[in-house]
6 protein chains.
Amino acid sequence: MVQKPAKSPPPYPSRRASESAVAPSSRRTKGAAGDDDTVITALELPGAALTPAMQAYFDKCTEKLGFIPNVLKAYAFDMPKLEAFVAMYNDLMLAPSGLSKLEREMIAVAVSSHNRCYYCLVAHGAAVRSLGDDPVLGELMVMNYRAARLDRRQRAMLDFAVKLTAKPWEIEEADRNALREAGFSDRDIWDIAAVAGFFNMSNRIASATDMRPNSAYHG
Amino acid sequence: MVQKPAKSPPPYPSRRASESAVAPSSRRTKGAAGDDDTVITALELPGAALTPAMQAYFDKCTEKLGFIPNVLKAYAFDMPKLEAFVAMYNDLMLAPSGLSKLEREMIAVAVSSHNRCYYCLVAHGAAVRSLGDDPVLGELMVMNYRAARLDRRQRAMLDFAVKLTAKPWEIEEADRNALREAGFSDRDIWDIAAVAGFFNMSNRIASATDMRPNSAYHG
Amino acid sequence: MVQKPAKSPPPYPSRRASESAVAPSSRRTKGAAGDDDTVITALELPGAALTPAMQAYFDKCTEKLGFIPNVLKAYAFDMPKLEAFVAMYNDLMLAPSGLSKLEREMIAVAVSSHNRCYYCLVAHGAAVRSLGDDPVLGELMVMNYRAARLDRRQRAMLDFAVKLTAKPWEIEEADRNALREAGFSDRDIWDIAAVAGFFNMSNRIASATDMRPNSAYHG
Amino acid sequence: MVQKPAKSPPPYPSRRASESAVAPSSRRTKGAAGDDDTVITALELPGAALTPAMQAYFDKCTEKLGFIPNVLKAYAFDMPKLEAFVAMYNDLMLAPSGLSKLEREMIAVAVSSHNRCYYCLVAHGAAVRSLGDDPVLGELMVMNYRAARLDRRQRAMLDFAVKLTAKPWEIEEADRNALREAGFSDRDIWDIAAVAGFFNMSNRIASATDMRPNSAYHG
Amino acid sequence: MVQKPAKSPPPYPSRRASESAVAPSSRRTKGAAGDDDTVITALELPGAALTPAMQAYFDKCTEKLGFIPNVLKAYAFDMPKLEAFVAMYNDLMLAPSGLSKLEREMIAVAVSSHNRCYYCLVAHGAAVRSLGDDPVLGELMVMNYRAARLDRRQRAMLDFAVKLTAKPWEIEEADRNALREAGFSDRDIWDIAAVAGFFNMSNRIASATDMRPNSAYHG
Amino acid sequence: MVQKPAKSPPPYPSRRASESAVAPSSRRTKGAAGDDDTVITALELPGAALTPAMQAYFDKCTEKLGFIPNVLKAYAFDMPKLEAFVAMYNDLMLAPSGLSKLEREMIAVAVSSHNRCYYCLVAHGAAVRSLGDDPVLGELMVMNYRAARLDRRQRAMLDFAVKLTAKPWEIEEADRNALREAGFSDRDIWDIAAVAGFFNMSNRIASATDMRPNSAYHG
């Protein structure tokens, strides 16, 4: 559905948010994950026509990744929602920041591990593997970030992000100061909070809709 | 800072996200809440020049509310972040939906109550009071939504939103079916999840930065 | 029922603990709170005749508050229970103590917030508003006492009361010493514990019986 | 201190709530429990002169039990507090009720087990052993009431009391109806709630003050 | 069943893991504990013939204790399982170690208290009573080890064991160092972990099967 | 250390449980996992001489796996402990059972996921991948077993194992009956409990000692 040009509305009522035209890079037979490439969420949401901007973005995904991340296809039933999600995601994860892209993905995975979000753990665990030079780091973020050998800065960053996830009501100035003492600026603190906050949102949307990661993430 | 035209950058490094030009509708002496109208967060973030779109939006807030919500001033250190937040917020809370605006605010407050987020409880508790015709409803959402006399639909909606907040890893098809049986469409389920997810993000950004609500909310 | 002289027993079997003779200061139509002024609890308990002492006490409530707090009407099915509750409550909250009346109400609300007790949050939130000169303090106690700007003494007091509420089994000498270091005497520690303990009792009786606060508290 | 006639005030500043004149039925050397018969709480509270009513009550305890329960000695620094506690306790645990005295003690112990209150588990575990004809029942209440072979009525009673202890904010009409279906009247529901509530108070006062049970309870 | 010589298989299908030939030292009528001496678990598992080694071990139990602990009878449906359990148990609890036998039993009970395991609390509470010279120590371990007057070493040992039970994912080098500072060697740390781990296993097998302690433990 | 013949004791005090003679199949530079192949635990335990049986077992591991699992090297400081562990492990995971080997590994991983045990998740996640024909199943067990598409039998099995892990005190006959209704025999229930119990032990020993998985598991 989502691959149609903006002017021609989808001619069919889709059953479940689904992908029809984009061939996944690897097809799997249906197993414990279900069929991640054709049934993307548990909700039946008729696809909307992509706006030109979103069409261009989807094309870019296909070109660079070889597939369109299922979260984008899940949002593609409504263009304002898709565009707002893409704008916020890209700013948070890709714009200049005192946090490296790898660090932002580490937060994403540590938060998603606390929330046990299957979609986000698969997709962002893959990102940690791809951005880092340490093949085990993604696994550690998925399983228990406390078991990783991290420098003080990254450990403080993840401790803050996970406490903010688990008990946001107990975050106080002492927690912010722990970040400052580990070398983070106030702007960095915002970014840690914003990335942790964003995945607390995404984890819940993915869990609420039973979102399935693209099979391509599994390699 | 936020009131400057987009072209002239702010000439001063601000101390803490702060408001300088917009007079709050009611000034309070400093009490247990701190000084909500001049110190907005615990982070020192130099203000950015508002883009024309954001300047227009802030003007509209001032015109319609009499003040600019502090969450917007807190985000105003960076225009892409502010614009993404505003776009997502306005779509979620104001765009057409099977959920009424009051219902979306009820979710906002019930989620914020679970997370004990001072900023969001004050700001959105006020919204429930202003949108509903029942003056006690906002108080019930803040204190314990289970104590409210709600119809089956609204109770199912809040049960889902709060479970999704507390234990997102335990949401399954049975939970979605409980919503369907209460009369919600799959699109409605998305909207419930998206609003609940959004406040799980906002609650954490507010708690991480010790965001203070405008004194005007307290009436 | 509860306003009858002691010698004449109530001539009717009441349905639910209810108020018949005392006109509430403000009548509301039935909303999300139910009808707080006529259905006080979820239990049907026939009213007992007030003893002269309790009649005098109820008269004093009516004179000073304009209404009889629903918790008293709820207990009025049995005079020994009502009298024991009133004696303990008045000693704890009103007798001389190293804690001010406002501080005791702050403990009441912070404990009731942890326990999410609708009745106690409404009634004692109103007390904090009425005793304090800071209109926002009651709201902060209801929402998250950690967000309030408190001096060290009051913060230590509430930290102890809330830990005692959440994990009484982990209270140890170090917790008592934190109070002593914040300036509290051993007698003060007893009073903090006794007020926190009392509201852990009251919160549960109110929740167990779905006790509704008088509509007058909502102002 | 507490054994002095009401008119003569205690001539000494006591160190810790302590017993001086009443010989414990069995003296133990100091072990893991500390010296339960001379150091009763961790707070130093000068003893008050007993009122005649309380002197008579203490005399009755000595006569019937062979000792004065330490909780009474702990409260004896202030007569209004002691009298209010005694009045409420005796009404709840000894006055006529649809719950047997054994059932009320079972609630006391199951609640105290959830709260892991050493004082109350020792004192009321002993009461269950003394009131019941099943020597193992007290042990089961202390360790895990769910492991006991109880009839449906008593199981429903304890399930309600323990849920009310653990998550009072989740008690709703369905919970009350489960009691009604197990044969309890609305008055019985009040009594279950009141006993459970009372021990949620007492557990916290005992934990907050490190109250030690009389060595006599250990037999 | 379990008392048969290894060569003759049991001629009957047993109903529930049960004891037939070994007379309990004290028979009780059936009460809240059920009939601990004839119905040992909730599972019907046909008994296996004891191997000579296990027969000898059971004989030794009968000789030294006067009865065969029910946990052994529960495992006796399968000789490799029984033998592995016995080998591990005896090594952990009886082999030379920097921890005394009493200390190992204290860990057993503190862990079982966290897990509220009826079987293990009864059986190992009895062991603490029998190994220690302080009759109250077992009760304190069952109820709340934090209330016991322990030296720094034993307190550190139990804090580690109970944290490892409650939140194993949060154990880090600082926790191990707290043990080292309390005087424990690395080998001792292993032993603390191994005993705590073992009872986290046994507690779950006992709870999963509703294992009942021998009535003899109750004295 | 562990590769020495049984008769010659290790001539050196080892620093940390370490491997010296067995070359790992793939050496990694030190990253977030530390150096899993040379520092196996955080404890310094001098190696013991392998008994002939254990030497044979280690040889068999090397032959079949290409390496000796680090958990075995960690236990190799003491032969009775190593032998008891190996005996219990092999019986539970490899002996005939109504549960397939894959099902037993699924329990291992779901339990280890609840306990966030890095060692066990890596080692047994690899086992699920190797035993199953569905490459994603191991990932689902690590991340959130509830997201897997399982048949009723396996779902019931994991629900029981995870509840037994999280709240063993709440397991009752209804939980066992849910397994029976899903087709499990009483013997199968024992095996589910025993495997879940075993990993609740192993997870804690691994977390207590900061055990690191062999780098070979990461492929």
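A short reminder: the numbers here are calculations on the coordinates, not readings from a lab. In this text, all values refer to a predicted model and were calculated from it rather than measured experimentally. Neighbour counts are summed over all protein chains in view; Cβ atoms, including those assigned to glycine, are modelled from backbone coordinates with ideal geometry.
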- For the range A:130-184, report the translational diffusion coefficient in µm²/s to the nearest whole number, using Stokes-Einstein at 25 °C, 0.890 mPa s, and a Kirkwood Rh over Cα pairs. 201
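How large is the dipole of the range C:84-191 about the Cα centre if only Lys and Arg carry +1 and Asp and Glu carry -1, each at its Cβ, rounded to the nearest 20 debye?
Numbers: 14 positive and 16 negative charges, 49 e Å.
So the dipole magnitude of the range C:84-191 works out to roughly 240 debye.
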- Message: Can you list residues from other chains, or at least 5 along the same chain, whose modelled amide H is less than 5 Å from the amide H of C:Gly34?
- Response: B:Arg149
- Note on the structure: Quick calc, B:Gln55 & F:Cys61: beta-carbon distance into FRET formula, R0 51 Å, rounding 0.05, result 0.15
- Item | Given charges at beta-carbon only (K, R positive; D, E negative), |dipole| of the protein assembly as shown in Debye | 20
- Quick one: Karplus J couplings for the range E:202-207, per residue in order, coefficients 6.51, -1.76, 1.60, θ = phi - 60°, nearest Hz, x for Gly and Pro? 4, 3, 6, 5, 5, 5
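With Rg and the Kirkwood Rh both taken from Cα atoms, where does Rg over Rh land for chain F?
Details: Rg = 18.1 Å, Rh = 18.2 Å.
Result for chain F is an Rg/Rh of 0.99.
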- Item | 16 Å cut-off, amide nitrogen to a point 7 angstrom out along A:Ala166 Cα→Cβ, residues in the range B:167-207 | B:167-169
- Note on the structure: With Cα coordinates, the longest principal axis of chain B makes an angle with the long axis of helix B:52-65, in degrees rounded to 10, of 70
- Note on the structure: Measuring from its Cα centre, chain B shows a charge dipole (+1 at each Lys and Arg Cβ, -1 at each Asp and Glu Cβ) which, in debye to the nearest 20, is 500
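Find the relative contact order for chain E and round it to a whole percent, using C-alpha pairs within less than 8 Å whose residues are 6+ positions apart.
Numbers: 314 pairs, mean separation 56.9, N = 219.
Relative contact order, chain E: 26 percent.
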- Task: Sort D:127-136, E:100-109, C:55-64 for me by packing, meaning the mean count of neighbouring Cβ atoms within 10 Å per residue, highest on top.
- Result: E:100-109, D:127-136, C:55-64
- Message: Quick check on the exposure proxy: order E:Thr209, E:Thr165 from fewest to most C-beta atoms within 10 angstrom.
- Response: E:Thr165, E:Thr209
- Answer rounded, prolate or oblate for the range D:115-206, using the Cα gyration tensor with square roots of eigenvalues a ≥ b ≥ c: rounded when a/c is under 1.5, else prolate when a/b is larger than b/c, else oblate. oblate
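Among the listed pairs C:Lys163/D:Lys167; C:Lys163/F:Lys167; E:Lys101/F:Lys167; C:Lys101/C:Lys167; C:Lys81/C:Lys163, give every one whose C-alpha distance is greater than 18 Å. Intermediate values should be presented prior to the final figure.
On the way: C:Lys163/D:Lys167 15 Å; C:Lys163/F:Lys167 22 Å; E:Lys101/F:Lys167 28 Å; C:Lys101/C:Lys167 25 Å; C:Lys81/C:Lys163 29 Å.
Beyond 18 Å: C:Lys163/F:Lys167; E:Lys101/F:Lys167; C:Lys101/C:Lys167; C:Lys81/C:Lys163.
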- Query: Where in the range B:61-83 does the amide nitrogen come within less than 18 Å of the point 7 Å from the Cα of B:Ser130, taken along Cα to Cβ?
  - Reply: B:61-74
- the range F:164-175 - phi-based ³J(HN,Hα) in whole Hz, Karplus 6.51/-1.76/1.60, Gly and Pro as x: 4, 6, 7, 9, x, 5, 9, 6, 9, 3, 4, 5
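Would you mind classifying the range A:75-133 by shape? Square roots of the alpha carbon gyration tensor eigenvalues, ordered a ≥ b ≥ c; an a/c under 1.5 is rounded, otherwise it is prolate if a/b is larger than b/c and oblate if not. Each step should come with its number before you reach the end.
Working: a/c = 2.22, a/b = 1.31, b/c = 1.69.
The shape class here is oblate.
Please state the shape class of the protein assembly as shown: rounded when a/c is under 1.5, otherwise prolate if a/b exceeds b/c and oblate if not, all from the C-alpha gyration tensor. Walk me through the numbers before you get to the answer.
Numbers: a/c = 1.63, a/b = 1.00, b/c = 1.63.
Because a/c hits 1.5 or more and a/b fails to exceed b/c, the protein assembly as shown counts as oblate.
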- Query: Of A:Ala126, A:Leu99, A:Leu45, which is farthest on the positive side of the dipole of chain A, counting Cα position, with +1 on Lys and Arg Cβ, -1 on Asp and Glu Cβ, and the Cα centre as origin?
  - Reply: A:Leu45
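Which whole number gives the average, over all residues in E:185-194, of C-beta atoms from other chains lying within 10 Å of the residue C-beta? Display every interim value, and only then the final one.
On the way: counts 3, 10, 6, 1, 7, 12, 2, 1, 8, 9.
The shielding value for this peptide is 6.
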- Message: Could you derive backbone 3J(HN,Hα) for the range E:38-48 from the dihedral phi with the Karplus parameters 6.51, -1.76 and 1.60 (θ = phi - 60°), listing whole Hz in sequence and x where the residue is Gly or Pro?
- Response: 10, 10, 9, 9, 7, 9, 8, 10, x, x, 9
- Task: Sum -39500 (n - 2.57) across every DSSP H segment of at least 4 residues in chain B, then divide by the residue count to get the 222 nm mean residue ellipticity, nearest 500.
- Result: -17500 deg cm²/dmol
